[in-house]
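Colleague: The structure's right below; bear with me while I get my questions together.
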Amino acid sequence: MTNCLYNEDAYLHSFTARVMEAVSLADGRFDIVLDRTAFFPEQGGQTADTGTLNGEVRVLDAQIRDGIVHHLCDAPLPVGEAVRGELDFERRFSHMQQHTGEHILSGICAAAYGCRNVGFHLSDHIVTVDYDKPLTPDMLDELEERANRAVWANLPVRCWYPTREEAERLEYRSKKEIADRLRIVSIPGVDDCACCAPHVRATGEVGLIKIMSAARYKGGVRLTILCGRRTLLAVRTGLRRLDALCRKMTCGEEELTQVLEKRDAELREAKLRAAQLEGELLCREADDARKRGERLLRVGGADMQAMLRAVDRLSGGADLAGVFAGNDEAGYTFCLTGGQGLKEAFAAFRTAVGAQGGGDAQLIRGRCAAPWQAIASFFENVQGA
């Protein structure tokens, strides 16, 4: 089995090893097995380390099967060759910050609220953790506060292998039954948890824990969190966006909510007035069309309520009439009314142009993807009959 150096020193970012196997894969990558490695393979919800071998061969992924770590690389290496491995340690350290931060949150969440961690995912961009009970906003604020106090206390983080006797006496969290050798990550007064991943030496290295969002998930809650440098980058980006928005709205941060609420109210009022004017204009167009003896009206776009008023004016309450909004590329929304046989006329219209819709003997509404020429031809034939 592979000698996993990351279990001995999470901060080891370069190492030497010997190539034991090198197999070409169908996807163009190469599966390289070393006698020992510092590359943490994907497991426990955490994505694998990346880096290089001999400075040129890129390690794109790492998987572990039956105790053997398989490095998925972009080029081969000769079996038996001595190689030097280099981790992308900035990425590894970020993973360590996120994972230790999650342990702090989950340990406090279990002790304070009786929540069990039932899911965890750590990638380059996102960290999610699932708990089996819902948490209120006040509980989340308290959880975040206590977690960061544990960070500021700079508590030691111990990764160790208890004996069978020690394990039997130890109360620790675990999402599943451990078949292999038990490894515990301990943070005094905060958490003891079974875990195979690399962690920071002390909680202070986590930097800052921030709960970014919370969503209902399978009767409990899914939290999206950021720790360490990821939190710094998110805060920096958020503040820049906030500053840009304040500049655009020509107000200070403390006034932004009030200014946006006022702008929303003005926009709603403007939309309502625009709809009223649009309805009035459409009704005038319908009146003009009826005077010309037309019972079909096409507009670029209109509110359905305005279309209903217009089609009633166009029909005069008796004649078959239709108002269509749209164009040949996007299709048309329509309403039909008038005439003794409206349903029969719509059935023929649906057959002729493939229209979809429904209604009653007084009004039909629907959509149509046919070109305007076909629609107009149908109405000409109906009115001429």
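Colleague: If you bin the C-alpha pair distances of the range 3-87 every 10 Å from 0, what whole percents do you get?
Modeller: 20, 59, 20, 1
Colleague: Still on this structure, please answer the following. Ratio of alpha-carbon Rg to the 2.2 N^0.38 Å globular estimate for the range 93-240, to two decimals, please.
Modeller: Working: Rg = 14.9 Å, N = 148, 2.2 N^0.38 = 14.7 Å.
Relative to the 2.2 N^0.38 Å estimate, the range 93-240 comes out at 1.01.
Colleague: Same structure again: Any lysines with Cα under 25 Å of the K133 Cα? List them, leaving off those in the same chain fewer than 8 positions away.
Modeller: Reachable lysines: K175, K176, K210, K218.
Colleague: Compute, for the chain, the length of the dipole vector about the Cα centre, with Cβ point charges of +1 (Lys, Arg) and -1 (Asp, Glu) only. Units Debye, rounded to 20. Kindly include the intermediate steps, with their values, before the conclusion.
Modeller: Numbers: 49 positive and 56 negative charges, 161 e Å.
Here the size comes out at about 780 debye.
Colleague: Using a simple charge model, +1 on the beta-carbon of Lys and Arg, -1 on the beta-carbon of Asp and Glu, nothing else, what dipole does the range 3-87 show about its Cα centre, in debye to the nearest 20?
Modeller: Values: 6 positive and 14 negative charges, 19 e Å.
Value, rounded to 20: 80 debye.
Colleague: Count the net charge of all other residues whose Cβ sits under 11 Å from the Cβ of T128, scoring Lys and Arg as +1 and Asp and Glu as -1. Provide the component values of the computation, followed by the final result.
Modeller: Working: positive: R222; negative: E102, D130.
Around T128, the surrounding residues sum to -1.
Colleague: Roughly what would the spin-label model give for A110 and A347, points 7 Å off Cα along C-beta, in nm?
Modeller: For the pair A110/A347, the computed spacing is 6.9 nm.
Colleague: Pulled fully out, how much extra length does the chain show between A369 and A275, if you take 0.36 nm times their separation in residues and subtract their Cα-Cα distance? Let's see the in-between values first.
Modeller: Values: separation 94, 0.36 × 94 = 33.84 nm, distance 2.49 nm.
Working it through step by step, the gained length comes to 31.4 nm.
Colleague: Find the centroid of the Cα atoms in the range 274-336 and in the range 3-23, then give the distance between the two in whole Å.
Modeller: Here the two parts' Cα centres lie 74 Å apart.
Colleague: For the range 55-70, take each phi angle, set θ = phi - 60°, evaluate the Karplus expression 6.51 cos²θ - 1.76 cosθ + 1.60, and give the result in whole Hz per residue in order, putting x for glycine and proline.
Modeller: Residue by residue, the range 55-70 yields x, 10, 7, 7, 8, 8, 6, 8, 10, 10, 9, 6, x, 10, 8, 9 Hz.
Colleague: In addition: Where the centroid of each part is defined by its Cα atoms, how far is the range 132-147 from the range 73-131 in Å?
Modeller: 22
Colleague: Please report, for the Cα atoms of the chain, the Rg to one decimal and the Dmax as a whole number; what are they, in angstrom?
Modeller: For the chain, the Cα radius of gyration and maximum Cα-Cα distance read 33.5, 98 Å.
Colleague: Okay, next question. Please give, to one decimal in nm, the separation of the simple spin-label points placed at N154 and R65, each 7 Å out from Cα toward the Cβ.
Modeller: 4.6
Colleague: Then there is this: Between helix 304-315 and the chain, what is the angle of the helix's C-alpha long axis to the longest principal axis, kept within 0 to 90° and rounded to the nearest 10?
Modeller: Taking the Cα atoms of the chain, the angle to 304-315 is about 20 degrees.
Colleague: Could you tell me what percent of the DSSP beta bridges with both partners in the chain are antiparallel, to the nearest 5?
Modeller: Numbers: 70 of 78 bridges.
DSSP beta bridges in the chain are roughly 90 percent antiparallel.
Colleague: Another question about this same structure. So what's the back-of-envelope 222 nm ellipticity for the chain, counting only DSSP H runs of four-plus at -39500 (n - 2.57) apiece and dividing by all residues, rounded to 500? Present the calculation step by step, with values, prior to reporting the outcome.
Modeller: Working: 8 runs with 141 residues, N = 385.
The per-residue figure over the chain is -12500 deg cm²/dmol.
Colleague: Can you compute the charge dipole magnitude of the range 270-384 about its Cα centre, using +1 on each Lys and Arg Cβ and -1 on each Asp and Glu Cβ, nothing else charged? Give it in debye, rounded to the nearest 20.
Modeller: Magnitude of the dipole: close to 140 debye.
Rule-based calculations on the coordinates, nothing more; no lab input. These numbers were taken from a predicted model, which means no experiment stands behind them. Because the Cβ atoms are built from the backbone with ideal geometry, glycine has one as well, and the counts that use them run over all protein chains shown.
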